[in-house]
Amino acid sequence: MEFVIFFITAAIALIGAIAMLVSRNAVHSALFLLLNFSAIAILFLLLRAPFLFAVQLIVYAGAIMVLFLFVVMLLGAERAEDEKDKVAWQRPLAIGLGAALLVEAIFVGFNQLAMEPPTTPEVESFGAPARIGESLFTTYLLPFQITGIILLVAIIGVVVLNQRNRAKA
Amino acid sequence: MSQLGFPLLSIIVWLPALGALLLLLVPRTNDELSRRASLGVSTLTFAISCALPALFNPALPEAAAPAMQFVDQIDWIPSWGISYNVGLDGVSLWLVLLTTFITPITVLSTWDSVHKQVRAFQILMLLLETAMIGVFVAQDLFLFYIFWEFTLIPMAFMIGIWGSENRIYAAVKFFLYTFAGSVLMLVAIIALYILHRDAIAATTPGYVGTFDFGVIAEHLRSGSFVLEAGLAQALFGAFFLAFAIKTPMWPFHTWLPDAHVQAPTAGSVILAGVLLKLGTYGMIRFNLTLFPDASLWAAPAIGILAVIGIIYGAMTAYAQTDMKKLVAYSSVSHMGFVVLGIFALNQIGVSGALIQMINHGLSTGALFLLVGVIYERRHTREIGEFGGLWKVMPIYGGVTLLVVLSSAGLPGLNGFIGEFAIMQGAFMAYETGGARILGWPFVAFAVLGVILAAVYLLRMYGGAFMGDVGNPENAQLSDLSRREIVVLGLLCVPIIAIGLFPNLLFAPMETSVADVLHTFTGVVAGR
Amino acid sequence: MFNFIWLIPLLPLVGFALNVFVIRREREAGYVATGAVALSFLVALATFIQFAFSPPAEAKPPRVDLVLWNWISVGEFNVPFGLLFDPLSGVMVLLVTGVGALIHLYSIGYMHGDSRVVRYFAYLNLFVAMMLFLVMSDNMLLLFLGWEGVGLCSFLLIGHWFERRTATSAAAKAFVVNRIGDAAFLVAMMAIFAHFGTLSFYDIELADGAVIEGFLERADEISGLIFSIPGQNFLVSTGIAFLLLIGVTGKSAQLPLFVWLPDAMAGPTPVSALIHAATMVTAGVYLMARTHPIFELSAATQGWVTWIGALTALIAATAAVAQWDIKRVLAYSTVSQLGFMVAAAGMGAYVAAIFHLLTHGVFKALLFLGSGSVIHGTHDTQDMRKMGGLREHMPTTFITYLVGAGALAGIFPLAGFWSKDEIIAHAWSGQNFSIFLLLFVSSLLTAFYMGRQIALTFFGQQRDHSYHAHESGQVMTMPLMILAVGAVLAGAMNLPMLHWLSTWLEPTLHEHAAEFGVTQLILAVVTTLLAAGSGYLGWRYYVANSAKIKPGAKDPLYRYSGDIWEALEEAWYIDRAYEKLTVVPGFRALARFMAGVFDPQGIDGLVRGVGYAFSQAASALRVFQSGFVRTYALLFLAGVVMVVGYLLII
Amino acid sequence: MVPTSYYVLLSAALFTIGAMGMLVRRNAIVLFMSVELMLNAANLALVAFARQQVNPDGQVLVFFVITVAAAEVAVGLALLVAIFRSKRTTDVDEVSTLRG
C-alpha cells in the first residue's frame, strides 16, 4: 500500500516539477510547483514527519506560493521570455550537464538500492511534533533564535528595499 | 602577564586603536577637535611608552630563547598553537619608542598638511600606530603577520586619498608590491609551522604545533627541530624577499619614490620614519634568528645588493630635481647601510644597523617634514624654483642644515654613529675560521655612499637654501611658525643627543643583539 | 689645571650656543665670541705652563688624559669621549686659541656692518671648538669629529655670503672635496680598529682602574702583515697609512685634492686667515705627526707623502706667481707651504713640520689679515692691478705685511727662515736630491711672488682711483701688530743649538733634535741669500714695470712665457680638468642616466611589466564574466558535476 | 516500507530538474521557483535520511531550511520588485551590468 502511494506521489511530484520547467507562463509554473510541493508534503507524511508535512503545506504551499503568485501578477511578468534568448547556446550544454548530474546521482543511488530503513517501533514515533518541538527548544535553541533574527532581518530588508522616495543621505 | 603585573605593552599597543574608536565620536566636521584628540592619544601613548626604557632590564641573562620582557600572552586559537603574545627585547625597544615618538610629531604636522577628511586621516594614523607597534612587539608569527599586513591598509589609504595627482597609481603600486612580498612570507610562516609541528610531534605525539616565535627559535637552537639546508635557504628567501621589498632594498625600491612623492607629508614621515624599519627589523628578528646558516650563506650576496643600493640610491638622488624624490632616493641609500650592517652578522654591525634605523627615522622624517613646510608655502618642490631660502627663512634654513648634516653623517650627530658602526661591522665581518663574510671591499664601496650623501644633500641645500633670492615669489615667505618649530625642534633633540650619547641606546640592546647573534659568536675581527 | 682642560673646547662651544640662541646684536656677538676664545686661550696657557713646569707624574711620558664620558661602546668596540693634553696637543692648542682669539678680535672690525655678523661669530666659535676637539682628542674617532666639524665650519664660513653663487659653490666644493678625504680617513680608522681593537692613541687608565689600550705604542704589531687585492699584495700598514694620506690631502689641500682651497677665498678674509691658513688646513700635518708610528711602518707611503708634499709645494708656488687676486696668491702660497710641511713629515722630520706649522700659522694669519686690511681699506678691492702705492695710505698694514712676507720668504731672522730652513736642511741631509731641489725652487719662488705682491700692492702709484684708500681701525691693526711681533719671534722656538721645540715634542714624536753643523750653516746662508735675492728680483721687476700694469692687462712676464703663464694662472688646469673633463661631468651624466633612464625604465619597467602581464592575463579571463547570471550558474553546475564525478571515481 | 534510496533517487531527479530550470529559464521568478524546488529536493533527502537514522535532528534541520527559504524568497522577491521598478523586466539576461 505504501509503495503504491509513494509511486503515485513521486510521479505527481516529477510531473509537477517538469511541467513547471516547461510552462511558458509563470503563473502556470507557480501552480505546477504548488502541485509538486503538495506531493512532497505527502511524501513527508510517508516518511513519518507529520510536523514537516504541516509546515510544508503552510509555509511553502501556503505562504511562499502565494507570494510568488502575488509578485507574478503584480509585475505582470507572466511572459517575460518572449524575446530571443541571448545565451541560447548554453541550452544544450545545460541539458547535457543536467543529464550528467542525474546519471551521477542515480549511480550513487543504485549503489545502495537496498538501503532499507530500520523497522523498529521507534521509527513510527521519532518524528512526532512533540519530539521536534522539544529538540527545537532545547538542543537547537540558539539556531532557532538565530532563525528568528534572520526572519526579522528579512522583514526589515524587504521594507528597506522597497521604500520609495527615500530621502537622500 | 608581564613582570610588572599589568599589561603595559598591550596598553601601549592598543591605546592608539582605542583612540581611533573614540575619534568616531568626534563630529566629522570638527577638524580641530579630531586633531587634538589624536594628538592627545598619541602623546599619551608616547608618555606611557617612556616607561619602557626606564623599566627595561638591559642585562637579562642569556637564555636559550630570545629573552623577552613585558610579555603578555593569551591563548587565541589553541588548536593551531596561535596565541596573542607580545613582548619586548633590546632589538625592538627603541623601535617601539621611535614609533610612539614619531606618531605625535606627525599628527602635529597634520595641522599644516592635511586639509580634507581630517578625522578619517587621524583614525588611520592611530590604527597605523597600533599596527606598527604590534609588528615590533608581536612574538607570535601569526600575530606578527596580521600586524604586518595591517600596516599596509592605512598607509595605502593615506596615499590614495590624501595624496597628490597620481595618488591612486602610487597607492596601488605600494599595496601590491609589498603585498606580493608578504604573501610569500605567509607561505614561509605556514611552512615553518608545519615543519616544526611535524618535527616535534615525532617525539611528542599529539603536538598541535605553535606559531610562537620564541618556542620555534628555542627548538631550532636546541636541535630538537632541524631544518634541512636547502629548505632553510628557501624559507630564508621567502622571509627576506618580503622584508627586502619593505625596506626597500635595491632592486625592489621603485615603489618608494612613487609612494613618497604622492603621499601627503604626514604619510611620508610615517612611511620613512617607521614603516621602512619594519623590513629591516624583520631581517634581524626572523632571518638572523631562525635561519643562521642560511644568513651566513646569503650574507655576501645581500651585502653586494646593499652596497649597490647605497651607491645607486645616492647617485639617483643626486639627479633628482624634486626635493621629495631626492629624499626618497636617499632613503634607499641609507637603508642599504642598514642592511649591510645587519648582514655583517656581528655585534657592531647589527647594533649599528639598529641605531641607523632610529637615525634614519628621525633624520629622514625631519627631512620630509621640512620639504612639506616649503611645499605648503609654495606648492612646488622643485629645487630650481628656490634659492636663497636661508636668507628669507633663517630658522628654517638653520634647522634644515642640521637635519641635512645629520643625514649626511656628520660626526657628533646621530647619522654618523650608525654609519660608522655599520661600516666598522662590515669591515670586521669574518667568520671564526677567518673566511670573509663582507670585509673591507664592501666598506670601500659603501664609503662612497658617505661621499655621495654629502654631494646630493649639498646640491639640494646649496640650490634651494643658498644663493640669492632669484624668484620673487620666494621673497615674502614666512619663516617657521611656532608649531613647526616645536615639531622640528623635537626631532632635533634626539638628533644631537644620539650623536653625543649613543650609549644610551646601545646599552639596552647589547644583550639582545648578542642573543640574536648567538649562533654567530666567534665571528670576530680578522686581525 | 689638568682637570679643567675640558674648559678649553667648551668655552668656544658656549660662545657658539650663546650666539645661536641668545644673542641678536652685532656688538655683543663679537665680544662674546672673542671673549670665549680668549678665555680658552688663557686656560690653555695656564695648562701649558703647568705642564711645562710640573708635568703630571703618573704618566710616562707625561700627558694628561681626561675621559669625559664613554662615547660609543658596542660589544668590543669602545671609544671614550676623551681629551688629551700632551706636548704636541699643547702647542697646537696654543696656536689655535691664540691666533684664533686675535682673528676674532680682528673680525669685530672687519665684519662690522655685515648683515649676518651674529651667525658669523657663532660659526667662528664653533670652528675653534671643533679644531680644539681635533687637536685635543685622545682617539681617532673624536679626532674625526673635529676633522669633519672643521670641514663643516669651513663650509659654513666660505658660504657666509651665500647670496653670491661663487661663495655657495666654493663652499660646497670645499665640503665635498674634504669629504672624499674624510671617507678614506674613515676606512683607515676602521682598519686600525680591526687590527688593534682600539682607536685610542695611547693607553688610558680610567677612574675605575680599567685600561683602554692605545694603538700607537703597539703599531709594530701590524708590521709585516699583508692584505691582498687580486694579483697584488700590500702591507696592511701601507694600506692604512695611504688611506690616512688621502685624508690628509683633502684637509691639507695637497695634490690631487688641493683644488678647493683657492676657491675657498670666497669667504670673509679673517676666515681665510684662521681656517684656510693658520689652523684647519694644518690638521693633516698634525694627524701625520700624531700617527707617525703608522706612517713609519710603511716606507712606500712615506715616499708618496714626500713626493706629494714636494710636488704640491712647487705647483702651488708656480701658480701663486701668476695670480692677480691678492688672496689667491696667499691661498696658493698656503698650499705650497703645506706642501713643505707634508714633505717634511714624509721625510720623518716631524718636528720640522710642526715647527713650520706653528710659524706658518702665525705669519700666514698675519698676511691674510693684512690682505684683509688692504681689502677693507680699498673697499672690497681684491685685484692687485687696481691697487698700488698703498704704503702711504696704510702704513701699519704695510709694515706688518712686510714682516709677514719676509717671514714667509724665509728671510733671516724672521720666523719662516728658521722653520723652512730646517725642512730644506732635512731634504739635503736626506738621500733624495730631487726632493731637495723641488723644495728649494719652491722656496725661491715663494720669495719671488711675495716680492711681486708687495710691489703690486704697496709700491708704485694707485692704479684705480674709484676708491679712497684708508688705514683700518685699531681693532684690526692691533692683531696685525701682535702677529707681526710673533712672526719675528716665533723662530726662537726652535733655534739651532737650543732646540726647545724638539725637546718639548720629543716624548710625543720620538725624534731627536737634528744635528746642526757646518753644512747646515752654509745651506742656511745660501738659502736666505738666494731667497732675499729672489724676493728683491720680484719686487724690483714689478716696481720697474709698474707702468705696464693696468686693470685687465696681462702680466709683464706674459710676453716671455706666453701660454705657460696662463697654465700657471689656472694652476696647471688641474681644477678645470676635474670640473670640465673628467670627474664631475662623468658623475653627472651617470647620475642622470640612472635617474632618468635606468631607474624608471629599467628597474621600474620590469616591475610594471609584471603588472601589465597580469592585467593582460586578467583581460583574457574577462570573457567568462559575461554578466549573465545563468552562465555563472552553468559554470557552477559544471563544477558540481566534475566534483561529484571525481568523488565517484576515487 | 519504501527504501530510503527511492526517496534519494526522487530527490536527485527533482534537484536536477530544479538545476535545469536555473539554466534554461530566464524569468527571474521562475528561477526562484527552481531554487525552491532544489531546496525541497534537498529537504526530501534530509527527511529520508532522518528516518533511516531514526533521528529527529534531520527534521529539525529541514525546519530551519524552510524558515530560511521563506526569508530568502521574501528578500529575493523584494529585490526582484526593486529591479523590475528600474528595468521594467524580470528577465535576468537584461540585468547584466556587472559584465567584466
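Could you work out, residue by residue across B:389-395, how many beta carbons of other chains sit within 10 Å of that residue's beta carbon, and then give the average as an integer?
Neighbouring Cβ atoms belonging to other protein chains average 2 per residue here.
Run lengths n ≥ 4 of DSSP H only: what is the helix-derived mean residue ellipticity at 222 nm for chain B, with -39500 (n - 2.57) per run over all residues, to the nearest 500?
-23000 deg cm²/dmol
Arranged from highest to lowest average of other beta-carbon atoms within 10 Å per residue, in what order do the peptides B:471-481, C:501-511, C:586-596, C:177-187 appear?
Packing proxy ranking, top to bottom: C:177-187, C:501-511, C:586-596, B:471-481.
State the Cα centre-to-centre distance between segment B:303-346 and segment A:10-60 in whole Å.
That distance is 74 Å.
Quantify how strongly other chains surround peptide B:454-460 by giving the mean number of their Cβ atoms within 10 Å of each of its Cβ atoms.
That works out to 5 on average.
Take chain D, mark every one of the trypsin sites (Lys or Arg not before Pro) that falls in a DSSP loop and has at most 12 other Cβ within 10 Å, then report the longest stretch left between them, sites excluded.
Between exposed loop sites, the widest span is D:1-87.
Within 10 Å, count the other beta carbons around each residue, average over each peptide in B:166-175, C:304-313, and list them highest first.
Most protected by this proxy first, the peptides run C:304-313, B:166-175.
How far apart, in nanometres, would the label points at A:Ile58 and B:His115 be if each is projected 7 angstrom from Cα along the Cα-to-Cβ direction?
So the two model labels end up 6.6 nm from each other.
Please list, by residue number, everything in segment C:632-650 whose backbone N is under 16 Å from a paramagnetic label point 7 Å out along Cα→Cβ of C:Phe624.
Counting only backbone N, you get C:632-643.
Structure shown: which of C:Lys173/C:Lys554; C:Lys327/C:Lys364; C:Lys554/C:Lys580; C:Lys386/C:Lys548; C:Lys173/C:Lys251 lie over 18 Å apart, alpha-carbon to alpha-carbon?
Those over the limit are C:Lys173/C:Lys554; C:Lys554/C:Lys580.
Partner chain Cβ atoms within 10 Å, averaged over the residues of A:51-64 - can you pull that number for me?
4
How far apart, in nm, are two points set 7 Å out from the Cα along the Cα-to-Cβ line at A:Met73 and at C:Asp203?
11.4 nm
What is the Cα centroid distance between segment B:459-479 and segment B:30-47, reported in whole angstrom?
After rounding, the separation between the Cα centres reads 34 Å.
What's the local net charge at B:Phe179, with K and R +1, D and E -1, over the other residues with C-beta under 14 Å away?
So the environment of B:Phe179 carries a net charge of +1.
Tell me which lysines have Cα within less than 20 Å of D:Lys87's Cα, excluding those fewer than 8 residues away on the same chain?
A:Lys84, A:Lys86
Treat the count of other C-beta atoms within 10 Å as a stand-in for reagent exposure and order A:Ile149, B:Ile11 from fewest to most.
Neighbour counts put them in this order, fewest first: A:Ile149, B:Ile11.
Within 10 Å, count the other beta carbons around each residue, average over each peptide in C:603-615, C:190-202, B:92-104, and list them highest first.
Highest-to-lowest ranking by the protection proxy: B:92-104, C:190-202, C:603-615.
Once you sort the root eigenvalues of the Cα gyration tensor of chain A as a ≥ b ≥ c, which label holds: rounded (a/c under 1.5), prolate (a/b larger than b/c) or oblate (the other case)? Please report the intermediate quantities before stating the final value.
On the way: a/c = 2.02, a/b = 1.17, b/c = 1.72.
The shape class here is oblate.
Using the Cα centre of chain C as the reference point, and only Cβ charges (+1 on K/R, -1 on D/E), how large is the resulting charge dipole? Debye, rounded to the nearest 20.
I would put it at about 2320 debye.
Let me spell out the model: positive unit charges on the Cβ of Lys and Arg, negative unit charges on the Cβ of Asp and Glu, origin at the Cα centre of segment D:4-87. What dipole size does that give, in debye rounded to 20?
Here segment D:4-87 has a charge dipole of around 360 debye.
Describe numerically, in nm with one decimal, the distance between label points set 7 Å from Cα along Cα→Cβ at C:Leu529 and at C:Asp464.
4.1 nm
Quote the charge dipole size of the protein assembly as shown about the Cα centre in Debye, to the nearest 20; the model charges only the Cβ of Lys and Arg (+1) and of Asp and Glu (-1). Don't jump to the answer; show the numbers that get you there.
Details: 75 positive and 86 negative charges, 827 e Å.
In total the dipole reaches around 3980 debye.
Specify the inter-centroid distance of segment C:60-81 and segment C:117-153, based on alpha-carbon positions, in whole Å.
Comparing the Cα centres of segment C:60-81 and segment C:117-153, I get a distance of 19 Å.
Hand me the tally of lysine pairs in chain B: alpha carbons under 27 angstrom apart, and the pair either on different chains or 8 or more positions apart.
Taking the Cα cut-off of 27 Å, the pair count is 14.
A short reminder: the numbers here are calculations on the coordinates, not readings from a lab. This is a predicted model, so every value here is computed, not measured. Cβ atoms come from the backbone with ideal geometry, glycine included; neighbour counts cover every protein chain shown.
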